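A.B. asks: Have a look at this one.
The numbers here are math on the coordinates, done by the rules we state, and not lab data. Bear in mind that the values here come from a model prediction, so they are computed numbers and not experimental data. Please note: Cβ atoms are built from the backbone with ideal geometry, for glycine as well, and neighbour counts cover all protein chains shown.
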């Protein structure tokens, strides 16, 4: 019968699986944010200092972006109404793509609704049966899922082990080779050595997809990301970055040479079969790019806060991983202990998420401390004091 409820055994199986998550300290819960995103937020009726957002430059609630959103809505309406290839590609999208290409120093850029969409697009459009994808073991889930969907040979190398990667590349007889890596690793905060990766790809005739979701806007003197950070470029690079983290808005883009971008337009299913992002957001992102480039004080303050945190957090039972990015992971190890520490901080008015498997390897549950230019030195001192007291 249409709409018939599944049998009780089906529900019992799901309930048992959920109970296993509870027993392992792995069940995830949602908080309800009642304020704009920022360093200070109101959640579930209480005020907190938040160290759990990817709003690294403090732009998500910026008044100029709010003003741009109002103007964009008045000019373009609210929804795009169609995919880019039907009638959803507005002048705002087109102009933003041109500005993103200029901003990154690459010939052409293409907008996506999310970084997940973008990574799926690149890998599945450029690799398939007979090809090989080589991935850092700590890559974001979207890169792993993309490789599996591509049906290419999927080879993973130990984290940042370029010798292992070179051996895999040298032994591969694949028609096309694609190396995929986070530029800033989202749970560890370390930076992939882009120049060395480019050299490997040039030596072994491979593409290099750099997922700079957590570096765009933050790394480099003007926030242009990991390539500016290292002062490097290459025709082999396919550059992906998101626009809902340091840029403060929504979406993602891929920048590369024209042939790559045109291939995505023609073949990438997550581009072809998805409604375009609201054009008002593209309008807002043009203002965001201006703020990223010109407000260099935001990156300066963020750097100062990173240094301060590393100086004043005392590692006794737990280990603060070496990271000079906005992502500061404090490895606790045991899932339930990481949850307990996160809850203790919340009682003190500090929001820091506990990250557990499968997001991180088993036995490495951690607090993922996210710093922002919207924080002040007193915020970091308060967090460090609470952490030191709990150890």
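A.B. asks: Consider residue 261 against the criteria (1) farther than 25 Å from residue 192 by Cβ; (2) surrounded by 20 or more Cβ atoms within 10 Å (Cβ to Cβ); (3) touching a strand residue (DSSP E or B) at 6+ places or on another chain (Cβ under 6 Å): it satisfies all of them except one. Which criterion is unmet?
C.D. replies: Here residue 261 meets the rest and fails (1).
Yes/no per residue for (1) surrounded by 19 or more Cβ atoms within 10 Å (Cβ to Cβ); (2) in a strand (DSSP E or B):
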site	(1), (2)
300	no, no
329	yes, yes
337	no, no
342	yes, no
368	yes, yes
379	yes, no
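A.B. asks: Follow-up question, since we're still on this one. Kindly indicate the residue of the stretch 348-366 that is assigned to a loop (DSSP other than H, G, I, E, B), in contact with a helix residue (DSSP H, G or I) (Cβ under 6 Å, 6 or more places away or on another chain) and in contact (Cβ under 8 Å) with a residue 40 or more places away in the chain and also nearest to residue 246 (Cα to Cα) among those meeting that condition.
C.D. replies: So in the stretch 348-366, the residues assigned to a loop (DSSP other than H, G, I, E, B) come out as 348-349, 352-353, 356-364.
Next, only the ones that are in contact with a helix residue (DSSP H, G or I) (Cβ under 6 Å, 6 or more places away or on another chain) stay: 348, 352, 356.
Keeping just the survivors that are in contact (Cβ under 8 Å) with a residue 40 or more places away in the chain gives 352, 356.
Working: 352: 18, 356: 24 Å.
Among residues in the stretch 348-366 that are assigned to a loop (DSSP other than H, G, I, E, B), in contact with a helix residue (DSSP H, G or I) (Cβ under 6 Å, 6 or more places away or on another chain) and in contact (Cβ under 8 Å) with a residue 40 or more places away in the chain, the one nearest to residue 246 (Cα to Cα) is 352.
A.B. asks: How many residues are exposed (fewer than 13 other Cβ atoms within 10 Å of the Cβ) and in a helix (DSSP H, G or I) when one looks only at the stretch 71-89?
C.D. replies: The number of residues fulfilling the criteria is 3.
A.B. asks: With the requirement that a residue be over 11 Å from the mean Cα position of the chain (by Cα) and either outside any loop (DSSP other than H, G, I, E, B) or under 22 Å from residue 325 (Cα atoms) (or both), what does the stretch 236-250 give you? Can you show your working first?
C.D. replies: Within the stretch 236-250, the first condition is being over 11 Å from the mean Cα position of the chain (by Cα), and the residues that meet it are 236-239, 247-250.
Listed by number, the residues that qualify are 237, 238, 239, 247, 248, 249, 250.
A.B. asks: To continue, here is another question. Where in the stretch 134-230 are the strands (runs of 3 or more DSSP E), entirely inside, with at least 1 residues that are within 25 Å of residue 248 (Cβ to Cβ)?
C.D. replies: Counting at least 1 such residues, we get 177-182, 206-211.
A.B. asks: Take the stretch 98-116 and flag every residue that is crowded, with 21+ Cβ neighbours inside 10 Å and part of a helix (DSSP H, G or I).
C.D. replies: Scanning the stretch 98-116 gives 100, 103, 104, 115.
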